[in-house]
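Let me begin by presenting the structure, written as structure tokens, before commenting on it.
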Ligand code: GLA
């Protein structure tokens with residue numbers, strides 16, 4: 001849907017009124033390496049996609065904020081004079097959660113009419129929810145001149161998801177959506193929040209995202225279980241060394257202290273986090289040296305660790321990755337995001353992209369009975385106003 005079409009829907013919905021109509025955008029993300037490390041104070045390396053969520057907004061001179069989307073029929077509104085309440089599992093909780101966080105910081109929101117429009121596949125693990133939160137936070141900041149910087153908006157959006165929506169996610173998705181830059185991946189230290197935009201020099205190669213179209217209803221509970229296991233690993237390690245989170249340990253330190261974790265499953269979870277941090281640092285070095293081959297190998301190792309130690313892949317993601325690695329011209333392939341379904345990300349030689357999509361798609365369908373979707377990723381900018 002282009003800007004004119006969106007504006008037409010907006011007017012059909014809310015009518016012709018006085019006041020400026022603004023348009024904002026925040027992208028989804030794909031993470032190249034550094035998975036399940038963000039909530040452990042570790043390293044991540046995501047990039048923003050060119051698809052995401054658009055938000056058209058106009059002040060309405062009333063004490064209500066109205067929400068609608070072009071993606072499905074469900075609409076809603078909140079009254080600005082009463083406390084906000086969560087509405088079941090509705091998508092509206094994402095933007096209302098953001099308004100709620102803004103209110104907590106005593107920032108005055110006035111009545112608005114809002115129309116969202118997303119072109120990210122929902123539930124594919126490409127952070128459609130983070131993009132809804134970020135586009136809302138960014139829009140409020142612009143419209144009402146709150147003067148918050150991007151990092152503050154990122155943190156506020158994560159908090160909205162943790163507190164209001166009730167999903168205990170880390171900071172990666174909101175960060176990538178808010179801070180992305182075309183042609184760059186973002187190297188973020190999730191402990192200090194120091195970051196660097198790293199040019200993605202993938203001459204002659206493409207980033208291919210494959211959606212397994214497998215959704216797991218268990219994703220949230222398994223995600224929280226993994227977080228709890230990491231916390232219990234920290235508890236066990238603390239008996240010998242004063243650490244705040246798993247990423248305080250180097251690989252060598254972990255190797256010599258891992259005996260302190262008596263539960264074998266918890267030890268494996270911790271091993272994934274520590275080795276993944278190590279792989280992420282090595283991968284960024286490799287990219288800076290122009291060694292994309294090594295970057296790809298580290299992506300493969302990341303998947304294998306998520307499969308064997310962290311156990312968040314599942315048959316569909318494993319099958320997709322196995323088939324991807326059979327293609328001559330695949331440099332590396334791994335799951336991306338939380339796991340348990342969703343997408344894989346692969347680096348593929350340009351001339352192999354077409355056979356990749358054809359052959360991986362048909363082998364996956366044969367083996368798993370599901371039709372995959374493929375996207376050749378374009379790396380776009382973070383949150384912005386479209387004028
Ligand atoms: C989800 C969460 C992120 C991160 C990833 C796993 O996308 O929202 O914070 O933990 O899973 O790397």
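Read the figures in this text as sums done on the coordinates, not as results from a lab. Because the structure is predicted, anything quoted here is derived from the model rather than measured. When we count neighbours, we look across all protein chains shown, and the Cβ atoms used for this are built from the backbone with ideal geometry, even at glycine.
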Practice item. Name, by its number, the condition in (1) over 22 Å from residue 81 (Cα atoms); (2) in a helix (DSSP H, G or I); (3) within 16 Å of the ligand (Cβ to nearest atom) that does not hold for residue 168. Key: (2)
Point to revise | Number of the condition not met by residue 150 [criteria: (1) more than 26 Å from residue 17 (Cβ to Cβ); (2) more than 13 Å from the ligand (Cβ to nearest atom); (3) touching a residue at least 60 places away in the same chain (Cβ under 8 Å); (4) within 15 Å of the chain's Cα centre (by Cα)] | key: (4)
Point to revise | Selection from region 119-136 of residues that are away from the ligand (no atom under 16 Å from the Cβ) and buried (at least 21 other Cβ atoms within 10 Å of the Cβ) | key: 135, 136
**Study point:** The one condition in (1) more than 16 Å from the ligand (Cβ to nearest atom); (2) closer than 26 Å to residue 5 by Cα; (3) surrounded by fewer than 24 Cβ atoms within 10 Å (Cβ to Cβ) that residue 115 fails to fulfil
**Key:** (3)
Revision key, fill the gap. Here the residues within region 307-319 that are free of Cβ contacts under 8 Å to residues at least 60 places away in the same chain and either within 16 Å of the ligand (Cβ to nearest atom) or surrounded by 24 or more Cβ atoms within 10 Å (Cβ to Cβ) (or both) are 307, 309, 311, 313
Point to revise | Residue, nearest to the chain's Cα centre (by Cα), within region 242-262, restricted to residues that are in a loop (DSSP other than H, G, I, E, B) and exposed (fewer than 13 other Cβ atoms within 10 Å of the Cβ) | key: 244
Check your understanding: What residue, of 227, 215, 267, is in a helix (DSSP H, G or I) and within 16 Å of the ligand (Cβ to nearest atom)?
Key -> 227
Revision key, fill the gap. If we keep only residues of region 18-40 that are more than 16 Å from the ligand (Cβ to nearest atom) and either in contact (Cβ under 8 Å) with a residue 60 or more places away in the chain or part of a strand (DSSP E or B) (or both), then the residue farthest from the chain's Cα centre (by Cα) is 22
Exercise for review: For residues that are without any contact (Cβ under 8 Å) to a residue 60 or more places away in the chain, assigned to a helix (DSSP H, G or I) and either surrounded by fewer than 23 Cβ atoms within 10 Å (Cβ to Cβ) or out of contact with any strand residue (DSSP E or B) (no Cβ under 6 Å at 6 or more places or on another chain) (or both), tally how many sit in region 320-350.
Suggested key: 4
Practice item. Please state which one of 43, 54 is touching a helix residue (DSSP H, G or I) at 6+ places or on another chain (Cβ under 8 Å) and within 16 Å of the ligand (Cβ to nearest atom). Key: 43
Revision key, fill the gap. Of (1) touching a helix residue (DSSP H, G or I) at 6+ places or on another chain (Cβ under 8 Å); (2) part of a helix (DSSP H, G or I); (3) within 26 Å of residue 17 (Cα to Cα), residue 67 satisfies every one except (2)
